[in-house]
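Notes to accompany the following structure.
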Amino acid sequence: ETSSSFSNAVQFTVLASTGVTFTDAEIKGAVEGAVGITSGGGFTMTDSTIEGELHSYGSAVTLTRSWVDGDVTADVNGPFTMTDSSISGVVSGDDVDTAPNAYQTFLDGYDAIAAEPGEIALTGQSHAETGGLLTLDGDWNDSWLFKIGTGGTGALTFTNFNVVMADGEIYDDQVIWWTAEAATLTDSTFIGTIYAGTSATVTRGFLKGKVFGKSAVTITGPVRAHASKMRSGTN
């Protein structure tokens, strides 16, 4: 399988287990099920917008001065609180397995990617970049796989760091960042799907891709995040 196959397997923009927190963030997802939370954690959204669906399984959902442009599936086992907020779609308890199934797909993909040889491997160490630029040179046929901490430990940290495509296009569903531990992006422009072994944190900046974390995902703005549809094989 190519890296884009792993990325497209999980049809969520943001997915986590113990908690998802959005503050002053804008999440635009052209995928089925934009945001998912599972495992009895909690979803908290303040002064934020989701363009897509929200699926919560056994988790508390708290919306404050926020907007969900889509349907909301909330398991009755988790409390639902909405203050000065709006939902455009239907709120129901149907199809509550959507988030857990997607989370399991993420875990399976995480393990499969761990076995892939990556073109850039930073084994057993953390990788931190500040104030730099990474240019990915290729087209829609190419894939990029970055792995940090394949020895079991290692985190990814970008601060004021930009990832761009050489031709100006953005093939975010073909770029994967796999990390053994946490992924932290601050004031950065980022392309690709994050497979975080623990938590993922995005603070300000622009994210063109998806964020999956084994534990929690925190997005604090102003952050703009957007995920593409699956590619059909044409540019």
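Only one of the listed residues (GLY138, GLY151) is part of a loop (DSSP other than H, G, I, E, B) and open to solvent by 60 Å² or more (accessible area, probe 1.4 Å). That residue is GLY151. For segment 36-88, a residue qualifies if it is within 18 Å of ALA99 (Cβ to Cβ) and of a type in the set (Ser, Thr, Tyr), and the qualifying residues are THR38, SER39, THR44, SER56, TYR57, SER59, THR62, THR73. Restricting segment 61-91 to residues that are assigned to a loop (DSSP other than H, G, I, E, B) and either of a type in the set (S, T, N, Q) or under 22 Å from the mean Cα position of the chain (by Cα) (or both), the residue that is nearest to THR21 (Cα to Cα) is SER66.
Each residue in segment 26-49 was checked for being aliphatic (A, V, I, L, M) and modelled with pLDDT of 90 or more, and 1 pass. Among the residues making up segment 102-120, those that are open to solvent by 60 Å² or more (accessible area, probe 1.4 Å) and modelled with pLDDT under 75 are GLU119, ILE120. Scanning segment 154-203 for residues that are open to solvent by 50 Å² or more (accessible area, probe 1.4 Å) and either of a type in the set (D, E, K, R) or not in a strand (DSSP E or B) (or both) yields ASN160, ALA166, ASP167, GLY168, GLU169, ILE170, GLU181, ASP187, THR198.
Condition test on ASP84, is it open to solvent by 60 Å² or more (accessible area, probe 1.4 Å) and at pLDDT below 90? Give the derivation first.
Values: open to solvent by 60 Å² or more (accessible area, probe 1.4 Å): yes; at pLDDT below 90: no.
When the stated conditions are applied, ASP84 does not pass them.
Among the criteria (1) modelled with pLDDT of 80 or more; (2) in a loop (DSSP other than H, G, I, E, B), the one LEU15 does not fulfil is (2). Within segment 186-204, residues that are at pLDDT 95 or above have Cβ atoms under 6 Å from residues that are among the acidic types (Asp, Glu) in these pairs: GLY197/GLU181; THR198/GLU181, counting only partners at least 6 apart in sequence or on another chain.
The values are calculated or read from the model by the stated rules, or taken from the named source; none is laboratory data. As the structure is a prediction and not an experimental result, all values here were calculated from the model. Don't worry about glycine lacking a Cβ; one is built from the backbone with ideal geometry, like all the others, and counts go over all protein chains shown. Remember, those area values only see protein heavy atoms, side chains included, never the ligands or the DNA or RNA. Shrake-Rupley method; radii C 1.70, N 1.55, O 1.52, S 1.80 Å.
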